[in-house]
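Report on the structure given below.
Values in this text are rule-based calculations from the coordinates and carry no lab data. The structure displayed is predicted, hence computed values, not measured ones. Positions of Cβ are generated from backbone atoms using ideal geometry, with glycine treated the same way; all protein chains shown enter the neighbour counts.
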Amino acid sequence: MVAAIVNTLVQGVLIGGLYALFALGLSLSVGVMRAVNVAHGDFIVVVSYLLLSIATGFGLNIFLALALVLPVAFLGGFALQRYLLQRVSGKAVLAPLLVTFGLAIIIQNGLLEGYGADPRVLPGGALETKVVSIFGMQLGLMPLVTLAAAIVLIFALDRLLYKSQVGALIRAVSDDPGAASLIGLSPNQVYGIAMGIVGMTVAVAACFMGLRSNFDPASGPGNLLIAFESVVLGGLGSLWGTLAGGVVLGVAQGVGGQIDFAWQTLAGHIVFLAVLAVRPQGLFPRY
């Protein structure tokens, strides 16, 4: 009984690492640009298909394909912010929501037309089935690598934002775009760089999502919901809080699934609402 409970909690923490990867880009978007990107989940899916095309088309290892996609993701995020999202930034709250909602619809239909509705999965090779023993528990290597990737990425982003000159510029523009302009900073340029970083986090999330589960053109909204709940649970602007939020969701779903499979997803939503009722600002808010 105890072993089963411990295993459920550990598995919840491991899936929480994947949820944190989903949420990191959204956390940065909300924290820096104060905008919710409704197409965030669909961006993850479209990059998963891009990784699939490159890995299968050129016979590359999936992580080598990810290395090739990362600069493309940065440029894509930068261009998206500078030439589309910046046009509605700072206007009515509804404008960015409508633009990104339109992007989500275009992406879903474009993927459906180009790849069909069949679920796909990224090729992980031997990593997919590798099992390691830790304290007597048999754990999949892929979930462990996913959690490690989430921790490393959060650490790197935290250092970038709070220990580097680029991070100082991003935080300055985020806090007060008008004052930043007065001292010679270009908010548009800085926002573009921030969105490029978001694009790179999306690429990492897409890679591990495709390795851990099936995906299809309609997977985006589900990814967005998980990301949004993880960000809000952890607290707006807190990268480590995003990891905590993902872990809370993962554990809640694991426990709910042990009670009844139908409760797996519902349990996460219930915990989300319960935490908001007690602590509306999230677990570890920065703002």
Net lengthening on full extension, L225/I5 (0.36 nm per residue, minus Cα-Cα): 76.5 nm
Choice from T129, T100, T265 showing the highest fluctuation, given a GNM over the chain with Cα pairs closer than 10 Å: T129
Relative contact order of segment 2-278, defined on C-alpha pairs under 8 angstrom at six or more residues apart (%): 40
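Compare the peptides 9-16, 266-273 by average per-residue count of other Cβ atoms within 10 angstrom and give them in order, highest first. It would help to have the intermediate numbers written out before the result.
On the way: 9-16: 20.8, 266-273: 17.5.
Descending mean neighbour count gives 9-16, 266-273.
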Separation of the D176 and I106 label points, Cα + 7 Å toward Cβ, nm: 3.6
GNM top mover of S27, S238, S133 - the chain, alpha-carbon springs below 10 Å: S133
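Take each uninterrupted DSSP H stretch in the chain, measure its Cα extent along the helix axis, and return the ones at 20 Å or beyond whose mean Kyte-Doolittle hydropathy is at least -1.0. List each step's numbers first, then the result.
Numbers: long enough: 2-33 (45 Å, 1.88); 40-58 (27 Å, 1.54); 62-83 (30 Å, 1.80); 94-115 (31 Å, 1.44); 141-163 (32 Å, 1.76); 187-212 (37 Å, 1.20); 220-234 (21 Å, 1.22); 239-259 (31 Å, 1.19); 263-278 (22 Å, 1.75).
The qualifying helices are 2-33, 40-58, 62-83, 94-115, 141-163, 187-212, 220-234, 239-259, 263-278.
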Of G184, G17, G210, the one that fluctuates the most in a GNM where the chain has Cα springs shorter than 10 Å: G184
Test item: Cα-centred dipole of the chain, Lys/Arg +1 and Asp/Glu -1 on Cβ, debye: 580
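Checking the a/c ratio against 1.5 first, then a/b against b/c, what shape does the Cα gyration tensor give for segment 113-171? Write out the running numbers ahead of the final one.
Numbers: a/c = 4.43, a/b = 1.36, b/c = 3.26.
Note, shape of segment 113-171 comes out oblate.
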Cα-projected label distance for Y83 with H269, points at 7 Å along beta-carbon direction, nm: 3.9
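Take the Cα radius of gyration of the chain and divide it by 2.2 N^0.38 Å, with N its residue count; two decimals is plenty. Walk me through the numbers on the way to the answer.
Working: Rg = 18.9 Å, N = 287, 2.2 N^0.38 = 18.9 Å.
So the chain has a normalised radius of gyration of 1.00.
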